[in-house]
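Here's the structure, in structure tokens; my notes come after.
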Amino acid sequence: MNPMFRQIATKFEELLNGTAPETITGSTTVRAATGLIAGIGLNNVAFADEDAWSLLDEVQKRTVVHFRPLSKYAAWLERDLADKRLREQAETEQQRSFRRRIEWQSEMTYGLEIGLNAPLAEALAVLAERSSIDALKAFAGDDEEACRMAWALKEVGSTLEKMGLKP
């Protein structure tokens, strides 16, 4: 087994046996990876490899900054956050809404299994196909909610289409 993975496994086992998280020792990468794995386990979340590595990178940066606030990583993180703030301030309302929708969508994913009789499933496929953000605005609290509703209906529609139900 890779020495780093062995260290992470050992630290994770320590956490499972009741060791306080703040007393875990080791390199920043090991502590960040251990915390990430524990967080994923506690929240019962699944990540694609690319997303997990990206999150580990972000957690590691923040861990380094926490323990070494004057490090070059702290300066890099501060620049990254400043750049992000500038990009967000320069966004149009449409870009902001799109970014928020993507962020919201990437926050969590639910796997649902629903049993519907054929006529209801067909009606739902038609609703998903014919719905629009403008039509949903009448039922939504704001434009962002209407976008999320439309996105959800499109997801349902694409799933039904994969099952062979096309309006």
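Mind listing whichever residues of the stretch 140-162 are in contact with a Ser or Thr (Cβ under 9 Å, 6 or more places away or on another chain) and open to solvent by 80 Å² or more (accessible area, probe 1.4 Å)?
Those that are in contact with a Ser or Thr (Cβ under 9 Å, 6 or more places away or on another chain) and open to solvent by 80 Å² or more (accessible area, probe 1.4 Å): 143, 154.
For the stretch 147-154, indicate whether the set of residues that are over 30 Å from residue 27 (Cβ atoms), among the small types (Gly, Ala, Ser), part of a loop (DSSP other than H, G, I, E, B) and at pLDDT 85 or above is non-empty. Quick ask: steps written out before the conclusion?
We begin by selecting, within the stretch 147-154, every residue over 30 Å from residue 27 (Cβ atoms); these are 147-154.
If we keep only those that are among the small types (Gly, Ala, Ser) as well, we get 150, 152.
Cutting the leftovers down to part of a loop (DSSP other than H, G, I, E, B) gives us none.
No, the stretch 147-154 contains no residue that is over 30 Å from residue 27 (Cβ atoms), among the small types (Gly, Ala, Ser), part of a loop (DSSP other than H, G, I, E, B) and at pLDDT 85 or above.
Going through the stretch 110-133 one residue at a time, which ones are part of a helix (DSSP H, G or I) and free of Cβ contacts under 8 Å to residues at least 12 places away in the same chain? Give the steps one after another, and end with the answer.
Step one: filter the stretch 110-133 for residues part of a helix (DSSP H, G or I), giving 118-130, 133.
Scanning the stretch 110-133 gives 118, 119, 120, 123.
What is the one condition in (1) modelled with pLDDT of 85 or more; (2) assigned to a helix (DSSP H, G or I) that residue 55 does not satisfy?
The failed condition is (1).
The values are calculated or read from the model by the stated rules, or taken from the named source; none is laboratory data. Remember, predicted model here, so these are calculated numbers, not experimental data. We place every Cβ from the backbone using ideal geometry, glycine too, and count neighbours over all the protein chains shown. Just the protein is used for accessible areas: all its heavy atoms, side chains included, with ligands, DNA and RNA removed. Shrake-Rupley method; radii C 1.70, N 1.55, O 1.52, S 1.80 Å.
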